[in-house]
Amino acid sequence: MNSEKLQILSEHYSHTFDFLQSYLKRRDKLFMWALLIIAIMLFHIYIPREVSNLVDQLIEKKLEVQTQINFLYIQSVIWFVLLAIVIKYFQSVIFIERQYSYLHSIEELLSSEYEHSAFTREGKSYLSNYPAFLNWASFLYTILFPAILAVISISKIVSEYKQYGLNEPLIWFNILIFIFIIISLGLYSYGIHFKQKNT
């Protein structure tokens, strides 16, 4: 490879890495927002009256609204926000995984131009002697978090069904959002755990 092409490839590698770092920050923010929404749902599963009263007080003080708002409407908003955050989070994770594969291929091209190992930061160097803690963190992100999301979503929709039945139109909306979350979770898990192994 001539020096001009090597320079272009090196710059492209650098830009791709910087681009990936911005997505990592975005993924981390989305993860924190998802945890916050899940925590709110968890509180509502175990102490629904207290959470409902707290929300009523906050709305009354902040928005100066005297009329009582149907808490099921607020729950529907929470479901919708969770779906939006989860989809963007899953998209970010899968995109990042795909970009790492792309970075590895660029590193191989660049390294082939040198006698000794070079440009292995995200490939061989990162994966060799992989620390046990990073395996643990990977387990938390890719297995435990999706499992917690699934369990809390199922518990939440069951508690809403027990509380409101199927007569409320918003319950059907929440069930639909729940189904979308479970489908997204299944496709995400397949993309992370199974499709990766086949590529």
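The values are calculated or read from the model by the stated rules, or taken from the named source; none is laboratory data. If you're wondering where the values come from, they're calculated on a predicted model, not measured in any experiment. Neighbour counts run over all protein chains shown; Cβ positions are idealised from the backbone, glycine included.
Answer yes or no as to whether Met32 is surrounded by 15 or more Cβ atoms within 10 Å (Cβ to Cβ), among the aliphatic types (A, V, I, L, M) and either at pLDDT below 90 or under 24 Å from Phe178 (Cα atoms) (or both). It is false that Met32 is surrounded by 15 or more Cβ atoms within 10 Å (Cβ to Cβ), among the aliphatic types (A, V, I, L, M) and either at pLDDT below 90 or under 24 Å from Phe178 (Cα atoms) (or both).
Of the residues making up region 41-55, those that are touching a residue at least 12 places away in the same chain (Cβ under 8 Å) and in contact with a His (Cβ under 6 Å, 6 or more places away or on another chain) number 0. Set side by side, the residues Ile94, Ile85, Ile38, Ile69 differ, and just one is part of a helix (DSSP H, G or I), of a type outside the set (Ser, Thr, Tyr), on the phi < 0 side of the Ramachandran plot and modelled with pLDDT under 90, which is Ile94. Among the residues of region 131-172, just one is in a loop (DSSP other than H, G, I, E, B) and in contact (Cβ under 8 Å) with a residue 12 or more places away in the chain, namely Glu168.
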